Amino acid sequence: MQTDSKDLYEFGQFRVIASERQLLLDGEPVPLTPKAFDLLLALLEQPGRLITKEALIERVWPNTFVEENNLADNISRLRKALGESGNGAKFIETVPRRGYRFVAAVASQNGEASCPDSATPPIPQPSLHTRPSWLRWCVVVVAPVLVGAVIWVQMRLSAKAEARNLEFKGSFYYNQWTDPEIRKGIAFHERAILLDPGNAGLYNGLSTGWLFLADLYAPPRETIPHAKAAIAKALERDPSNAWSHTSRGLIAAQYDWDWASAEAEFKQAIRIAPEFESAHILYGWHLMAVGRLQDAVNEIKPIVEANPLNDFAMWSLGLALHFSGRLDEAIEQYRRAVGIDRRSHWAHMLLGWSLEQQGKFEEAVAELKLAYSVNDNPQVLASMGHTYAVSGRPAEARKIAGQLLELARGRYVSPYDVAVLFAALGEREDAFSWLEKAYQHRCGWLALWLKVDQRFNGLRDDSRFQGLLRRVGHRI
């Protein structure tokens, strides 16, 4: 079937056929609601240009009164379909309080390309009144220079497009949340940076990979310095980048234990880009860590309401509610998150935590087993052992403790997670020994969860526990 060039758009690994209202990823259809497809088309027609909210509403909902939340909801659905996440590759940029911009390179079927970062300079045409000697001079001297300039620009555009493609692949692997796939994602971002070293977003993406590895799969002392270096390079290229300031705030909290700096970085990120969802969510994590649980709920809840497809926001809100003891509300958010992404080990694991707190031990174990089937990381295993221990199944809990200690000989196991299990088994000295190791490792969970984690309630009356909180910078 012949398709008019204006009818077909290509960007990254995606192709859009407007007349058939199809979005394809590597040739396979990607489901989109009609309004989300209309928004995509409106953005693709003017890549690199800011399109105001008012213009998009008029285009997609002509002669109809529509609230901005409907636009934001459909933009969220579109981003989800394109594989975007708070830490991933970007196709659609939010311009706070104004509108949206499609930032990826877009090509039509006949090879014409549009890239928001560069434009091929026009080649001036010789005048009919130009003398032959001048024409000859142009042909001999100027034309090769202009041809070279065009070739350089085309190569530059091609490099940027390939870098975006690599960034998209890297973000896809990050979202699988396994050790080897996160490392693949890091490798893709490193290759992308070689092609487009001036792109701050690529350095932010690289830092995200190192942050994902920390605590779950690698010692923070090994990974966080890499994340810090990448963020520094991102800020060199774009000092007012909200993503960079958000990441710097997270590191200040979970690794530096500098709570004042963390607060300042999160607030700066939100000032720069009030609509950047991850800044609000991770600031919510900061508020949880310092014990301001209702403030954390208030920070994250509007994101869930505005974007009903953001499962990260949902299970983060669930965690704030869980630590607040509002278990029914937490479970509701976790189940919603599972409905969006059934392969999220986070949502299943945290649901298991809340069910355990309610005494629904069989349901908790079932959820934790689902989490482990999706992602067999030690944190999920330790959570399962904790549930066995508190539900009167110590033999199974001790068996898991043995597995964790055996695993720790060949791979990284967070000392915090081991301490959780020993605390449930009533082995106080072992629990404190592993908490001390977590402190020496600068474990992020120690900073983010210790103050509010109900699983350590049996240790809170010990002066060593209070001392540990102080050493991490928490107020008692």
Original post:
Going by a ≥ b ≥ c, the root eigenvalues of the Cα gyration tensor, does segment 333-425 fall in the rounded group (a/c under 1.5), the prolate group (a/b larger than b/c) or the oblate group?
Top reply: oblate
Original post:
When Lys and Arg each count +1 and Asp and Glu each count -1, what net charge do the other residues less than 15 Å away from Arg398, Cβ to Cβ, add up to?
Top reply: -2
Subject >> Percentage relative contact order, the chain, counting C-alpha pairs under 8 Å, at least six apart >> reply: 10 percent
Subject >> Separation of alpha-carbon centers, segment 34-54 and segment 271-327, rounded to whole Å >> reply: 29 Å
Original post:
Looking at the square roots a ≥ b ≥ c of the eigenvalues of the Cα gyration tensor of segment 165-251, which shape do they give, rounded for a/c under 1.5, prolate if a/b is larger than b/c, or oblate?
Top reply: oblate
Subject >> Net charge contributed by nearby residues that have their C-beta within less than 13 Å of Ala262 (K/R +1, D/E -1) >> reply: -1
Subject >> Helix 378-390 vs. the chain, principal-axis angle (Cα, 0 to 90°, nearest 10) >> reply: 30 degrees
Original post:
Which ³J(HN,Hα) values in Hz, rounded to whole numbers, follow from the phi angles of segment 294-306 under the Karplus curve 6.51 cos²θ - 1.76 cosθ + 1.60, where θ = phi - 60° and Gly and Pro get x?
Top reply: 5, 4, 5, 4, 5, 6, 8, 4, x, 5, 4, 5, 7
**OP:** Go through segment 371-476 and name the trypsin sites (Lys or Arg not before Pro) that are in a DSSP coil and have 13 or fewer other Cβ atoms within 10 Å of their Cβ.
**Re:** Arg409, Arg411, Arg460, Arg475
Original post:
Among residues other than Ile231 whose Cβ falls under 12 Å from its Cβ, what is the net charge (Lys/Arg +1, Asp/Glu -1)?
Top reply: +1
Original post:
Quick one: what Rg and Dmax do you get for segment 253-306 from the alpha carbons, in Å?
Top reply: 10.7, 32
Subject >> Hull volume in cubic angstrom per residue (convex hull over the Cα atoms of the chain) >> reply: 171 Å³
Original post:
In sequence order, what are the phi-derived ³J(HN,Hα) couplings for segment 331-342 according to the Karplus relation 6.51 cos²θ - 1.76 cosθ + 1.60 with θ = phi - 60°, rounded to whole Hz, with x for glycine and proline?
Top reply: 4, 4, 5, 5, 5, 5, 5, 4, x, 7, 9, 5
Subject >> the chain: calculated mean residue ellipticity at 222 nm from DSSP helix runs of at least 4, using -39500 (n - 2.57) >> reply: -19500 deg cm²/dmol
**OP:** Once you have a ≥ b ≥ c as the square roots of the Cα gyration tensor eigenvalues for segment 259-368, tell me rounded if a/c is under 1.5, and otherwise prolate or oblate according to whether a/b is larger than b/c.
**Re:** prolate
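Just so you know, all these numbers are worked out from the coordinates, no wet-lab data involved. These numbers come from a predicted model, not from an experiment. Glycine gets a Cβ as well: all are built from the backbone with ideal geometry, and neighbour counts include every protein chain shown.
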